[in-house]
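Here the structure comes first, spelled out in structure tokens, and everything after it is commentary.
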Amino acid sequence: MRGFHDVLPPQSERFHRIERNLCTVLDSYNYVEIRTPIAERAELFARSLGEATDIVEKEMYTFEDRDGTMLTLRPECTASVVRAAIEGGLAGRDRVAKLYYLGPMFRRERPQKGRLRQFHQIGVEVLGREDALADAEVVALLMDCLAAAGLRDVKLLLNSLGDATCRPGYRTALEAFGRAHEAELCETCKLRLERNPLRLLDCKEESCRALMVDAPRLREHLCDECRTHFNDVERLLTAAGIEFTVDPTLVRGLDYYVRTAFEVIAPGLGAQNAVGGGGRYDGLVAALGGAPIGGVGFAIGLERLLMSAGSTGEDATPEMCVIPLTEAAAASALQLARALRGAGARCELETAGRSVKSAMRRADKLGVRFALLIGDAEIEAGRATVRDMQRQADHPLAIGFDVDGLTTAAAIRALGEGEARGC
Ligand code: HAM
């Protein structure tokens with residue numbers, strides 16, 4: 001199906017590895033996971049993302065449930081997290097919530113490289129903090145996550161979108177500029193002029209971009225509070241050694257943002273080069289029925305992250321393989337494999353009754369370091385033969401398979417270490 005992909009091995013392994021790396025970073029920042037449903041009431045997104053956004057206007061998968069409720073497959077997770085935090089009483093005036101999430105999102109966009117209809121995000125939301133330090137720390141976390149995923153040469157773009165005090169004045173100024181140049185605007189921007197003039201700034205058409213170079217700048221329209229907040233964020237990021245570029249055309253495609261907005265662009269992604277983005281959304285919690293508290297967060301697109309990071313680390317190979325050479329050895333082989341797995345070994349258990357030759361071919365194909373053979377002789381002796389595949393020969397050592405897994409696994413690994421020491 002267009003834009004809906006299976007994630008097959010080894011790609012699924014890479015997903016898993018990157019998720020694990022990122023979760024380690026999130027743990028170190030003291031975030032906790034939240035899981036929200038894939039489907040929400042449709043009105044949640046119209047109320048939070050904005051009626052005049054591309055997502056709400058044309059990209060949502062919305063359908064009528066049997067009882068007449070309109071449901072939407074979540075196009076992003078910020079609105080869901082805020083809704084869940086309000087309903088679950090997670091955040092309030094003196095209660096900060098630091099939440100992360102991971103999972104599929106759905107947008108009916110035109111599929112192309114790096115743009116899917118079902119894609120995966122890992123994101124964070126901080127609810128109950130209004131200070132610039134919270135923004136700077138969230139940006140620092142984003143950069144640390146990207147570094148942990150092995151991403152290099154990324155570019156952090158930063159802007160302030162003002163707030164309810166100063167943005168209306170800017171919007172009027174921008175709209176007036178747009179009207180004065182209406183004839184030169186692309187068809188989409190003519191519509192944007194009517195519905196959401198701020199989006200004139202991030203049009204991808206070359207002619208519109210050239211025109212917008214002379215457009216009024218939001219920075220010059222910021223109220224004192226927004227200007228101070230933005231200066232503080234810049235100062236904190238600079239002090240933390242995080243490089244950024246202020247991009248006055250960065251407006252983001254969601255209406256809930258106020259003040260800080262940011263995006264990270266990465267190499268190797270083509271036209272869809274934003275690997276992650278986010279910002280501050282004070283007002284959203286109150287708009288959805290919660291306390292008047294602030295919020296800030298980001299989301300990373302996992303497919304784009306993988307595309308840009310390339311392969312990070314080795315694909316998974318089992319360390320050991322237990323091979324019952326006869327049907328009679330199957331039960332002992334199962335017992336040994338479970339004991340080794342209990343000791344933390346990634347262990348494969350092969351079909352019973354293969355010839356030694358074909359069993360070795362299998363072990364070779366699996367790429368295991370150690371093959372553990374159990375045939376009639378081994379059953380008789382109560383021991384399994386360990387074959388070190390790197391040495392291409394039967395290893396003289398035999399290990400009992402009814403001893404405890406930790407001792408057995410340690411003894412097998414010692415064989416490899418012995419070789420590394422030249423024994
Ligand atoms: P967003 O910029 O819409 O922000 O999406 C975040 C990231 O998701 C993008 O930078 C991109 O990597 C990925 N992404 C978005 N759409 C697609 C797609 N069609 N195919 C593949 N990847 C995609 C948000 O979603 C906000 N909720 C972020 C946020 C959290 N702001 C505050 N808190």
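The values are calculated or read from the model by the stated rules, or taken from the named source; none is laboratory data. From a predicted model like this one, the values you see are computed outputs, not experimental measurements. Cβ: placed from backbone, ideal geometry, glycine included. Neighbour counts: every protein chain shown. Accessible surface areas use protein heavy atoms only, side chains included; no ligands, DNA or RNA. Shrake-Rupley method; radii C 1.70, N 1.55, O 1.52, S 1.80 Å.
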Output for the chain (equivalent-ellipsoid semi-axes, sqrt of 5λ from the C-alpha gyration tensor, Å, descending) is 55, 22, 21
Taking 0.36 nm per residue of separation and subtracting the Cα-Cα distance, what length does fully extending A410 through E205 add?
67.6 nm
Theoretical gain in end-to-end length, R341 to T238 [0.36 nm per residue, Cα-Cα removed]
32.3 nm
For labels at T351 and A291 in the simple 7 Å Cα→Cβ model, what's the distance in nm?
6.2 nm
Compute the acute angle (0 to 90°) between the alpha-carbon long axis of helix 405-420 and the principal axis of greatest extent of the alpha-carbon atoms of the chain; round to the nearest 10°.
90 degrees
Theoretical FRET efficiency, 1/(1+(r/R0)^6), r = Cβ-Cβ of A316 and A140, R0 30 Å, to 0.05:
0.45
Rounded to the nearest Å, what's the spacing between the alpha carbon centres of the range 2-58 and the range 227-262? Just the number, please.
23 Å
Provide the solvent-accessible area of K58, counting protein heavy atoms only and rolling a 1.4 Å probe, rounded to the nearest 10 Å².
130 Å²
Multiplying the sequence separation of A331 and A381 by 0.36 nm and subtracting their Cα-Cα distance, what value in nm do you get?
16.5 nm
List the relative contact order of the chain as a percent without decimals, with contacts defined as Cα pairs under 8 Å and 6+ residues apart.
15 percent
Which residue, chosen from T36, A210, S80, occupies the Cα position most advanced towards the positive end of the dipole of the chain, where the dipole is computed from +1 (Lys, Arg) and -1 (Asp, Glu) charges on Cβ about the Cα centre?
A210
Does anyone have the angle between helix 224-239 and the longest principal axis of the chain? Alpha-carbon axes, 0 to 90°, nearest 10?
30 degrees
For a quick check of understanding: with a 1.4 angstrom probe and all protein chains in place, what accessible area in square angstrom does K190 have, to the nearest ten?
60 Å²
In the chain, how many lysine pairs have Cα atoms under 28 Å apart, counting only pairs 8 or more places apart or on different chains?
10
At T228 and D65, where each label point lies 7 Å from the Cα along Cα→Cβ, what is the point-to-point distance in nanometres?
4.6 nm
Add +1 for every Lys or Arg and -1 for every Asp or Glu among the other residues with Cβ under 14 Å from the Cβ of N159, and state the total.
+2
The range 8-155: C-alpha gyration tensor shape, a/c 1.5 cut-off, then a/b vs b/c:
oblate
Carbon and sulfur atoms: what percent of the 1.4 Å accessible area of the range 172-237 do they account for?
50 percent
Can you list the GluC sites (Glu not before Pro) in the range 202-253 that are in a DSSP coil and have 15 or fewer other beta carbons within 10 angstrom?
E205, E243
Would the range 320-415 count as rounded, prolate or oblate if I go by the C-alpha gyration tensor, calling it rounded below 1.5 in a/c and otherwise prolate when a/b exceeds b/c, oblate otherwise?
rounded
In terms of the charge dipole of the range 342-423, which places +1 on Lys and Arg and -1 on Asp and Glu at the beta carbon, the residue among A398, S355, I379 farthest towards the positive end is S355
Can you give me the accessible area per residue for the chain, using a 1.4 Å probe, in Å²?
47 Å²
Taking the Cα centre of the range 320-415 as origin, sum charge times position over the Cβ atoms of Lys and Arg (+1) and Asp and Glu (-1), and report the length of that vector in debye to the nearest 20.
460 debye
Using a 7 Å offset from the Cα along the Cα-to-Cβ direction at both D394 and T165, what is the distance between the two label points in nm, to one decimal?
8.4 nm
